[in-house]
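Asker: One structure, pasted below without further comment.
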Amino acid sequence: MRVVRRWLGFGGTLMATLFFCASLTPTLLPRTWVMQGVMGAVTGIIGYAFGATAGAFGRATLKYRITDRARRVAWRVLLAGCALLSALALGYSLGWQRDLRELMGMDTEITWFPPVILAVAVAGFALFLFIGRVIRLGGRKLIHWLDRFVPVPIAQATGIVIVTCVIGVLANDVLFSGFVNAMNDVSSVTNTTTAPGVAKPVSAKVSGGPGSLVPWETLGREGRSFTGTAVSRAELTAFSGSPATEPIRAYVGLEAAATPDQQAATAVRELERTGGFGRPVLAVLGTTGTGWVDQHLADSLEFMYNGDSAMVAMQYSYLPSWASFLVDRGKAARAGQALFDAVRARWERVPKGERPLLVVSGESLGSYELEGAFGDLRALTARADGALFVGPPDANPIWSEVTAGREPDSPVWRPVYERGRTVRFAQYPDDLRVPPGPWEHPRVVYLQNASDPVVWWSPRLLYKKPEWLTGPRGPDVNPQMNWFPLVTFWQVLVDMSVAQDVPEGHGHRYGANMADGWAAIAAPDGWAQTDTDRLHDLISGRPSP
């Protein structure tokens, strides 16, 4: 008891336990016992910090006094209650995880070690607490030293400001910036490699192939994967039953030009070289941080048009999407605007009766990149012939505009905007038929799963219960999920790291539903629902990207 009281505060211990138990509750996606242990440590130390701060404030303002005997009794009651509450939460956590996995059609027989989870959480908590105590000790030493020269209140205020500034500089300019720089260095090296099974194309219709204005070596890893895996004419013919056309895929990597405008100009010249402006459909694709384009997104459109299609994309970063989202969002928006504006300007020079459908599409940060080219829905529908956005982040401006303006009786996870005349949201193909009524062209489709943390993570989770946890829940959101201040923010952030580790139709996995999205906005003449169903089945059987 004396050891506990020496190293822990009463309020901090109480809040740490409550936060730890809250971290065990279900969120959007299943997690492993190791991840749960780490999550428990982080949420526990956050709770401890708030509880300790509240306790210190209470002691300073209320100036209450408690006898030693009352203090001992209070601590015994607290520790017993915390132990009981933690044991109950750990016991229930296995059932919560199994329920969530069953909801997503996953195996419910999982490895889950409550005692080890607790041990990992306690060890991590102790490490974080030790670091905090070292910082506090340093602050006290600094204040004691300042007492020699200035009055105590000034010394205390100055010491707190100095320690806060040092921590801020260390966290942002040293740790975070150093981590981002290291990630950039690692990612830039990865960018020079080529994924297994990807070979330099022999088709002159794709970037990096014979006669290309963009050398194969400058495409980057994801650019090489994009152009080196275009659907073959044999596969296209087998699906359509008629002779196929060689598909066009234009791509410009970071190393091909110095600025986004120069990259975009190169992309337009590559489209001119390959005849992209003479195809029935031309898709401007947004990429994620590393330059990645979802293979299902590209393949679906090529199968739909039997290869008689053109696509263009460009890379704007080396960093993974989550890192690009934090530090490169402005760069993504500028790249999307530069590319679309350049393509649109050249497209306008084609005689009106001969212009291809000009559509845009992007997944995750790629959707943010292209939404940034327009700013609002009116501009999007005025300048593009259709849009397919997949797993859009909460920061997307058009997505936010439409979601905020939805009809009051429609849930945030499946909004209905202006009776579905222009924009529709879907998790399953049948959702695109709701609401019944006219759906005018140009059309905009958002594919978003109710359990996708990429869509729902937001800084507002720190202090505000989200709308997707009020009222009716999404079809794959655990009804036992609750919102806790601070905790849910951290839980959903962690969910993003496993968003691809679930079956299609859940998390950030959209797969064959992209075929239905393309069919809704840009189906070729003569295309029928049976064709969409066949394409959906074909894409669902292809390897996941």
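The values are calculated or read from the model by the stated rules, or taken from the named source; none is laboratory data. Here the structure is a predicted model, which is why all the values come from computation and not from measurement. Cβ atoms come from the backbone with ideal geometry, glycine included; neighbour counts cover every protein chain shown. Heads up: the accessible areas ignore ligands, DNA and RNA and are worked out on the full protein's heavy atoms, side chains in. Shrake-Rupley method; radii C 1.70, N 1.55, O 1.52, S 1.80 Å.
Asker: Any residue at all in region 512-520 that's assigned to a loop (DSSP other than H, G, I, E, B) and farther than 25 Å from Y48 by Cα?
Answerer: Checked against the condition, which is being assigned to a loop (DSSP other than H, G, I, E, B) and farther than 25 Å from Y48 by Cα, region 512-520 yields at least one hit.
Asker: Right, something else. So which of S400, S410, S367 ends up being in a helix (DSSP H, G or I) and either open to solvent by 40 Å² or more (accessible area, probe 1.4 Å) or without any contact (Cβ under 8 Å) to a residue 40 or more places away in the chain (or both)?
Answerer: Just one listed residue meets the conditions, S400.
Asker: Now, a different point. Considering each residue of region 60-108, count those that are surrounded by 15 or more Cβ atoms within 10 Å (Cβ to Cβ), within 16 Å of P26 (Cα to Cα) and aliphatic (A, V, I, L, M), and give that number.
Answerer: So the count comes out to 7.
Asker: Which members of region 444-485 meet the condition of being more than 19 Å from P30 (Cβ to Cβ) and among the small types (G, A, S)?
Answerer: S458, G471
Asker: Looking only at region 186-198, which residues are open to solvent by 30 Å² or more (accessible area, probe 1.4 Å) and in contact with a Lys or Arg (Cβ under 9 Å, 6 or more places away or on another chain)?
Answerer: Of everything in region 186-198, those that are open to solvent by 30 Å² or more (accessible area, probe 1.4 Å) and in contact with a Lys or Arg (Cβ under 9 Å, 6 or more places away or on another chain) turn out to be T190, T192, T193, T194.
Asker: Would you call F325 in a loop (DSSP other than H, G, I, E, B), surrounded by fewer than 23 Cβ atoms within 10 Å (Cβ to Cβ) and in contact with a helix residue (DSSP H, G or I) (Cβ under 6 Å, 6 or more places away or on another chain)?
Answerer: Numbers: in a loop (DSSP other than H, G, I, E, B): no; surrounded by fewer than 23 Cβ atoms within 10 Å (Cβ to Cβ): yes; in contact with a helix residue (DSSP H, G or I) (Cβ under 6 Å, 6 or more places away or on another chain): yes.
No.
Asker: Still on this structure, I have one more. Is it the case, given these coordinates, that N449 is open to solvent by less than 50 Å² (accessible area, probe 1.4 Å) and within 24 Å of E371 (Cα to Cα)?
Answerer: Taking the combined requirement at face value, the residue satisfies it.
Asker: As an exercise: evaluate T111 against (1) part of a helix (DSSP H, G or I); (2) touching a residue at least 12 places away in the same chain (Cβ under 8 Å); (3) loosely packed, with under 11 Cβ neighbours inside 10 Å and give the number of the one condition it does not meet.
Answerer: All conditions pass for T111, except number (1).
Asker: Output the residues belonging to region 483-525 that are small (G, A, S), under 19 Å from the mean Cα position of the chain (by Cα), open to solvent by less than 40 Å² (accessible area, probe 1.4 Å) and over 13 Å from Q427 (Cβ atoms).
Answerer: A499
Asker: Hey, can you tell me all the residues within region 277-291 that are out of contact with any Lys or Arg (no Cβ under 9 Å at 6 or more places or on another chain) and either open to solvent by 20 Å² or more (accessible area, probe 1.4 Å) or not in a strand (DSSP E or B) (or both)?
Answerer: Residues satisfying the conditions are G278, R279, P280, G286, T287, T288, G289.
Asker: Among (1) among the charged types (D, E, K, R); (2) touching a helix residue (DSSP H, G or I) at 6+ places or on another chain (Cβ under 9 Å); (3) more than 28 Å from V293 (Cα to Cα); (4) modelled with pLDDT under 95, which single condition is R473 missing?
Answerer: Going through (1) among the charged types (D, E, K, R); (2) touching a helix residue (DSSP H, G or I) at 6+ places or on another chain (Cβ under 9 Å); (3) more than 28 Å from V293 (Cα to Cα); (4) modelled with pLDDT under 95 one by one, R473 breaks only (2).
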